[in-house]
Amino acid sequence: MSPSPAPVAHLVSVGTCLPGEPVDNATLAKLVGVDEQWAEMFIGNVSRHFAVDLATGQVRHSLADIAATAADRALAAAGLEAVDIDCVVMGTATPDQLMPATVNLVADRLGIDNVPTYQLQSGCAGAVQALDVARTLLLAGRCSTVLVIGGDVCAKHLETDFDPGSRTPGELVNYILFGDGAGAAVLSAESFGERVEIRQVLNRLVGLGKAPGQVIDWFGLGDRHSDRIAVSEDYKAIEAAVPVLATQMFWELIGDVGWTADQVDYLLPPQLSGRMSDRISDAMPAPLAQRVNVVRTVGNNGNALPFLQLAELLGQWQGGGRAVTVAVESSKWIKSGIALERA
């Protein structure tokens, strides 16, 4: 009797959601006082989407709103319904509440019940971590079809009622850098839909003894009037560390699956900003790979970005080939990556 084939995890479909119309740098210059030319030259982002109306401070969309839309689109693209999902995994740094978990609010909206759900609290690498959990469950035979979600609403951490002249460049840069969005993917043990095999997923915490590169603070009733900054970054540390970590993860990932650098057809680099992503792409050793960059037009929307990149990749990918995606989280320094192959 021949042995059963080893289980395989497949990427079946991807869905995305960006709230509202794109907000360009000229609009931000009027609203919050950033310099338009500086934004384009040094950050490299030309637009982004916000779930909050910066002009009025009105919250137009929650994370659950846009995540449910992205997930619904992924299910539709796969030709599946809520009853076909065995598990839901979500990665986010900005849940709507501490409790209930946003993943459960999304599942409820989709009509998913009586399945395991997991929510991972993490930055840009959270989407890859969520995909890793889903792939592990599929390979272990615990599930056959998993819905994976990633998204962030960063705008709720940005003040809308302030004098632009009272803010430092380090605070104003967040309006240029970040955006809001959500993405979702259907993973299955069966090969259908996009028929892309997830060959490997890696996650490595490499922040031992290192100061955080980014902090997103949480304010409760007791400290809501604190003068602490809600979002802060060490840009010099990020610019120095991310290209190195991205290259390390690229080599680890292709080494695990036995590829050479010139066998990679598509490279999905870390999406920090337009300028940084271009710089990282140029430094990464994939000489023949087409680069898939989206952050320049959608902003850094955290856990949505890997899904937005995957959606862009699938729109370009014709026939067979290999793709490598790398994400780096600077909060406590996580490097992560995914190796994909289509026959």
Q: Could you list all residues from region 68-101 that are free of Cβ contacts under 8 Å to residues at least 40 places away in the same chain, under 11 Å from residue 112 (Cα atoms) and among the hydrophobic types (A, V, I, L, M, F, W, C)?
A: 82, 83
(Q) Criterion first (closer than 29 Å to residue 186 by Cβ, at pLDDT 95 or above and buried (at least 19 other Cβ atoms within 10 Å of the Cβ)) does residue 71 satisfy it? (A) yes
**Q.** residue 64 among the aliphatic types (A, V, I, L, M), surrounded by 17 or more Cβ atoms within 10 Å (Cβ to Cβ) and touching a Cys at 6+ places or on another chain (Cβ under 8 Å)
**A.** no
Q) Do you know which residues across region 99-125 are under 20 Å from the mean Cα position of the chain (by Cα) and at pLDDT below 95? A) 121, 122, 123, 124, 125
Q: Run residue 228 past the list (1) at pLDDT 85 or above; (2) assigned to a loop (DSSP other than H, G, I, E, B); (3) among the basic types (Lys, Arg) and report the number of the one that doesn't hold.
A: (1)
Q. Being in the same structural domain as residue 34 (by TED's automatic domain parsing), β-branched (Val, Ile, Thr) and at pLDDT below 90, is that true of even one residue in region 154-164?
A. yes
Q. What about residue 47, is it crowded, with 23+ Cβ neighbours inside 10 Å and among the hydroxyl-bearing types (Ser, Thr, Tyr)?
A. no
Q: Examine region 19-36 for a residue that is closer than 22 Å to residue 90 by Cβ, in the same structural domain as residue 91 (by TED's automatic domain parsing) and within 17 Å of the chain's Cα centre (by Cα), and state whether such a residue exists.
A: yes
Q.
Quick check on residue 289: is it of a type in the set (Gly, Ala, Ser) and either closer than 18 Å to residue 74 by Cβ or not assigned by TED's automatic domain parsing to the domain that holds residue 241 (or both)?
A. no
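The values are calculated or read from the model by the stated rules, or taken from the named source; none is laboratory data. Since this is a predicted model, take the numbers as computed values, not measurements. Glycine gets a Cβ as well: all are built from the backbone with ideal geometry, and neighbour counts include every protein chain shown.
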